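Have a look at the structure below, then the notes.
Only the coordinates and a few stated rules stand behind these numbers; no lab work does. Everything numeric here is computed off the predicted structure, so don't read it as measured data. We place every Cβ from the backbone using ideal geometry, glycine too, and count neighbours over all the protein chains shown.
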Amino acid sequence: MAQKKDTNTEHIILKAAKRVFQNKGMDGARMQEIADEAKINKAMLHYYYRSKQLLFEAVFNNAFMLLAPQLNAILNDESSVEEKIRNFTTNYISFISKHPYLPTFIIQELNRNPDFVLKMKDKKGFPNIEKFKKEINVEIQKGILKPIKGEQLFINIMALNIFPFVAAPLIKAFVNIDDKGYKQLVEDRKTEVADFIINSIKA
């Protein structure tokens, strides 16, 4: 009789894998190390996930799909462009503060496997910016915003929000702050980033 997969064991494996991937990255992580972290044997780990790639994708998907639908909902609600920028920034920074490994995961995997994002793009809840772009054009025509392409504005929003997490050690060194100071700096960016972007595009 085939062994039935236990959801609690799978949850323990994913939590352990997240910790190891966060510390070692995809290439540096070892299945034995993940098994040890989960306090199971390697055979059990392979029963649940046949390869490190599959395990990595499961960890990544779990985290990303918690965030992506939230961001997609903000981009496609009925709020103004300014409100979208503020809500997007607040939600993104709050989420990544709890999952700081995620931006590095994305960059590592895109460098290692550029086609990986194509799998993500087809998932339900993946951010769609078409309505956001149309709303920007409407507000430009009304004289609320300066002329700007929606794609460029979206990239600006993403870049200003992502970089402090990807380059955290560098930022701490540049501005000479400890972990506590860095956490406060990131918290402040919820308003700093939004204000900066909004002030730059207001007509």
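Some points to look at:
- Lys, Arg +1 and Asp, Glu -1 on Cβ, resulting dipole of the stretch 29-138 about Cα centre, debye, nearest 20: 320 debye
- Relative contact order for the stretch 59-201: 34 percent, from Cα pairs under 8 Å spaced at least 6 residues apart, divided by residue count.
- Between the Cα long axis of helix 179-201 and the first principal axis of the chain there is an angle of about 40°, rounded to the nearest 10.
- Computed lengthening from Glu10 to Phe163, 0.36 nm per intervening residue step minus Cα-Cα distance: 51.9 nm
- The C-alpha atoms of the chain define a longest principal axis, and helix 52-75 lies at about 20 degrees to it.
- Farthest towards the positive end of the charge dipole of the stretch 59-201, among the residues Pro114, Ile129, Thr89, is the Cα of Pro114, using unit charges on the Cβ of Lys, Arg, Asp and Glu.
- Cut-off under 5 Å, modelled amide H: who pairs with Leu145 long-range: Ile140, Ala203
- Residue-wise HN-Hα coupling along the stretch 28-41, computed from phi with Karplus coefficients 6.51, -1.76, 1.60 (Hz; x: Gly, Pro): x, 6, 10, 4, 4, 5, 5, 4, 4, 5, 7, 6, 10, 8
- For the stretch 117-156, average projected area of the Cα convex hull in nm²: 3.3 nm²
- Simple Cβ-charge dipole of the chain, Lys/Arg +1 and Asp/Glu -1, about Cα centre, in debye nearest 20: 420 debye
- Remark: spin-label model distance Leu66-Lys183 equals 1.7 nm, labels positioned 7 Å along the Cα→Cβ axis.
- Using θ = phi - 60° in the Karplus curve 6.51 cos²θ - 1.76 cosθ + 1.60, the 3J(HN,Hα) couplings for the stretch 96-104 round to 5, 4, 8, 10, x, 6, 4, x, 5 Hz; x is entered for Gly and Pro.
- Spin-label model distance (nm) - Ile107 vs Asn199, 7 Å beyond Cα toward Cβ: 2.6 nm
- Applying 1/(1 + (r/R0)^6) with R0 = 35 Å to the Cβ-Cβ distance of Asn176 and Phe95 gives a FRET efficiency near 0.80.
- Cα gyration tensor shape for the stretch 41-103, rounded if a/c is under 1.5, else prolate or oblate: prolate
- Rg/Rg_ref, the chain, where Rg_ref = 2.2 N^0.38 Å and atoms are Cα: 1.19
- About the Cα centre, charge dipole magnitude for the stretch 1-50 (Lys/Arg +1, Asp/Glu -1 at Cβ), debye: 60 debye
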